[in-house]
Amino acid sequence: MPTLSRPGPLCLFLWASLAATAVANSADWTNADLETAATLRDRAMAGTDAFEHVSSLVTEVGPRSAGSAGDAAAVRWGLNTLGTLGFSQVHAQDVLVPHWVRGTAEVSIVSPFPQPLVATSLGGSIGTSEDGIDAAVVAVDSLEALKALPATAVNGKIVFIDQRMERTRDGSGYGATVPIRSQGPSDAADLGALALVIRSVGTSSDRIAHTGGLNYRSDAPRIPAFALSNPDADLLARQIKSSKTVHLHLKSTARELPPAWSANVIGEIPGGALANEIVLLAAHLDSWDLAQGAVDDGAGVAIVMEAARLISKSGRKPARTIRVVLFANEEFGLSGAREYARQSAAELDRHVLAFEADIGQGPVWKLESRVAPEALPAVSQIFKVLEPLKIESGMNEASGGSDIRPLREAGVPILELALDATNYFDIHHTANDTLAKIDAKTLDQSVAAYTVAAWLAATKQGSFGRIAKSE
Ligand SMILES: [Zn+2]
């Protein structure tokens, strides 16, 4: 699940002028450290092992939703792989995670023109009774339109939210649409709906449904919730348009099991003179259950592991410690992110910078940051080393990734190496998230960018300051 950057007030023009100053005379790095950054970048572009890491994860583990046997296998894989790659301090940080199982889902049009629809349960949905649910449909095109309906129009019906996600490079189309999935079930239940069906929050035009977590509010009844593939949502919309009343049949055997133990998997490349200070590279180890999780977030796991490994093999030791954290259960509640922040609360001051890879394989197309103003010249210097990778500069308003959000909210500065999301949401949370969607050369460019950023963060003289705490 990506998080999205918001536009901010720091203009590019100002930043560009800061960049010019910094390049002429960098107070932040020695020439040797800047040269190593460029060497690491060029070596990564010549070829990395990142594809092999993703291949290993999806071949030997595969689907790994929170609490599943695959989740436990992924933790073992992470510990073994980090150990084999030469990381230090490799360990598991136990995390209690929810354990939801999908079971089977059936959605079909009963009338006026009966047809089966391709659908999947939303992550965390309750199931239906054995008989399922048969009811008339009330269609809306947004959450706002739903909330504007009187309860009499919704009570006893199935709500269909037909809002299409827009394809964008920065993934902002996802952020704009995802509330229909996360909040839709409780908003529909508030009005007496029996169930919710949404158009998939995804851009695939294939007959595959996109799952993803819902968030039941504690003060609303829980109702079953499903996503239709985009072509099936089109079909339902056409029948609704041509007929006064459309009836659906829904059935699901989804259910919640007792919480289970998972773990954040952690490994380090030890620092030198500033070994006590940490540069944190994040990705998430879990995936949804429908596919192998190659793109979400096998790619991110491979990018951050490989970036750190390339630094460890460079022959030069970073001043700061580079810590890779493969987080547990990002997809259904950020359990690992919360646990890491809780256990690290006393040492967050030592976290100098954090960044995450969780929006697919890339390429990286933009550098954003959220650092103290006095560290902006350093960000500009990092940008200069990244620029040959066809990366643009962005704002100092980055939101980073979901797993590092608790750190950002506690004041830890972040970078955001924005991965190109144009095609990511064709695959995201679907059965098509397989190794076939991974391109080794694209992954290499992303590794090159993450390696440069990690090396420069770990060798910078002076910190990136602290950022404003938020909630
Ligand atoms: Zn993800």
* To do: Taking the residues in the range 350-370 that are open to solvent by 10 Å² or more (accessible area, probe 1.4 Å) and out of contact with any Gly (no Cβ under 9 Å at 6 or more places or on another chain) as candidates, determine which candidate is nearest to LEU456 (Cα to Cα).
  => ARG350
* Among (1) open to solvent by 60 Å² or more (accessible area, probe 1.4 Å); (2) closer than 26 Å to GLY336 by Cα - the single one ILE278 does not satisfy -> (1)
* Starting from residues that are aliphatic (A, V, I, L, M) and open to solvent by 10 Å² or more (accessible area, probe 1.4 Å), keep the ones in the range 322-347 and report whichever is nearest to the ligand (Cβ to nearest atom). => LEU334
* Structure fact -> Of all strands (runs of 3 or more DSSP E) fully inside the range 237-343, the set with 2 or more residues that are β-branched (Val, Ile, Thr) is 255-269, 274-284, 320-327
* **Which numbered condition ARG255 misses (of (1) under 30 Å from ILE311 (Cβ atoms); (2) among the charged types (D, E, K, R); (3) open to solvent by 10 Å² or more (accessible area, probe 1.4 Å))** => (1)
* Given the conditions (1) within 28 Å of ALA44 (Cβ to Cβ); (2) touching a Phe, Trp or Tyr at 6+ places or on another chain (Cβ under 8 Å); (3) not aliphatic (A, V, I, L, M), which single one is not true for PHE332? -> (1)
* Structure fact -> Per the list (1) away from the ligand (no atom under 16 Å from the Cβ); (2) touching a helix residue (DSSP H, G or I) at 6+ places or on another chain (Cβ under 8 Å); (3) at negative phi; (4) open to solvent by less than 20 Å² (accessible area, probe 1.4 Å), residue check on GLY411 breaks on (3)
* Output yes when any residue across the range 197-219 is part of a helix (DSSP H, G or I), small (Gly, Ala, Ser), at pLDDT 95 or above and crowded, with 24+ Cβ neighbours inside 10 Å, and no when none is. => no
* Select from the range 348-373 the residues that are more than 16 Å from the ligand (Cβ to nearest atom) and part of a loop (DSSP other than H, G, I, E, B) and list them in ascending order. => PRO363, VAL371, ALA372
* Among the residues of the range 408-443, which ones are part of a loop (DSSP other than H, G, I, E, B) and of a type in the set (Asp, Glu)? -> ASP420, ASP433, ASP439
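Yes/no matrix, rows are residues, columns are (1) within 23 Å of ALA233 (Cβ to Cβ); (2) not aliphatic (A, V, I, L, M):
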site: VAL101; (1), (2): no, no
site: THR104; (1), (2): yes, yes
site: SER108; (1), (2): yes, yes
site: PHE113; (1), (2): yes, yes
site: LEU122; (1), (2): yes, no
site: GLY127; (1), (2): yes, yes
site: LEU143; (1), (2): yes, no
* Structure fact -> With the first residue restricted to the range 41-55 and required to be more than 23 Å from GLY293 (Cα to Cα) and in contact (Cβ under 8 Å) with a residue 24 or more places away in the chain, and the second required to be open to solvent by less than 30 Å² (accessible area, probe 1.4 Å) and hydroxyl-bearing (Ser, Thr, Tyr), Cβ contacts under 7 Å at 6 or more apart or on different chains are ARG41/THR451; ALA44/THR451
* Which of the residues belonging to the range 227-249 are out of contact with any Asp or Glu (no Cβ under 6 Å at 6 or more places or on another chain) and over 27 Å from GLU166 (Cα atoms)? -> SER243, LYS244, THR245, HIS247
* Which numbered condition GLY173 misses (of (1) over 16 Å from the mean Cα position of the chain (by Cα); (2) not in a strand (DSSP E or B)) -> (1)
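Every residue, every condition in (1) without any contact (Cβ under 8 Å) to a residue 60 or more places away in the chain; (2) touching a Ser or Thr at 6+ places or on another chain (Cβ under 7 Å); (3) under 30 Å from GLY62 (Cα atoms), yes or no:
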residue	(1), (2), (3)
ALA372	no, no, no
GLU409	no, yes, no
PRO413	no, no, no
THR422	no, no, yes
ALA431	no, no, yes
LEU435	no, yes, yes
ALA453	no, no, yes
* Give just the number: which of (1) closer than 21 Å to ILE359 by Cα; (2) open to solvent by 50 Å² or more (accessible area, probe 1.4 Å) does ASN155 not satisfy? => (1)
* **Residue selected from the range 421-471 under the condition hydroxyl-bearing (Ser, Thr, Tyr) and open to solvent by 40 Å² or more (accessible area, probe 1.4 Å), by the criterion nearest to SER204 (Cα to Cα)** => THR422
* Do you know which residues across the range 110-125 are assigned to a strand (DSSP E or B) and open to solvent by 30 Å² or more (accessible area, probe 1.4 Å)? -> VAL110, SER111, GLN115, PRO116
* To do: Could you please let me know if PRO185 is in contact (Cβ under 8 Å) with a residue 40 or more places away in the chain and open to solvent by less than 10 Å² (accessible area, probe 1.4 Å)?
  => yes
* Identify all residues within the range 264-293 that are in contact with a His (Cβ under 9 Å, 6 or more places away or on another chain) and away from the ligand (no atom under 16 Å from the Cβ); write none if there are none. => ILE266, GLY267, GLU277, ILE278, VAL279, LEU280
* Identify the single condition in (1) crowded, with 20+ Cβ neighbours inside 10 Å; (2) on the phi > 0 side of the Ramachandran plot; (3) away from the ligand (no atom under 13 Å from the Cβ) that ALA418 does not satisfy, given that it satisfies every other one. => (2)
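The values are calculated or read from the model by the stated rules, or taken from the named source; none is laboratory data. Since the structure is predicted, the reported quantities are computational estimates derived from the model, not experimental observations. Neighbour counts are summed over all protein chains in view; Cβ atoms, including those assigned to glycine, are modelled from backbone coordinates with ideal geometry. These area figures cover heavy atoms from the full protein model, side chains too; ligands, DNA and RNA do not enter into them. Shrake-Rupley method; radii C 1.70, N 1.55, O 1.52, S 1.80 Å.
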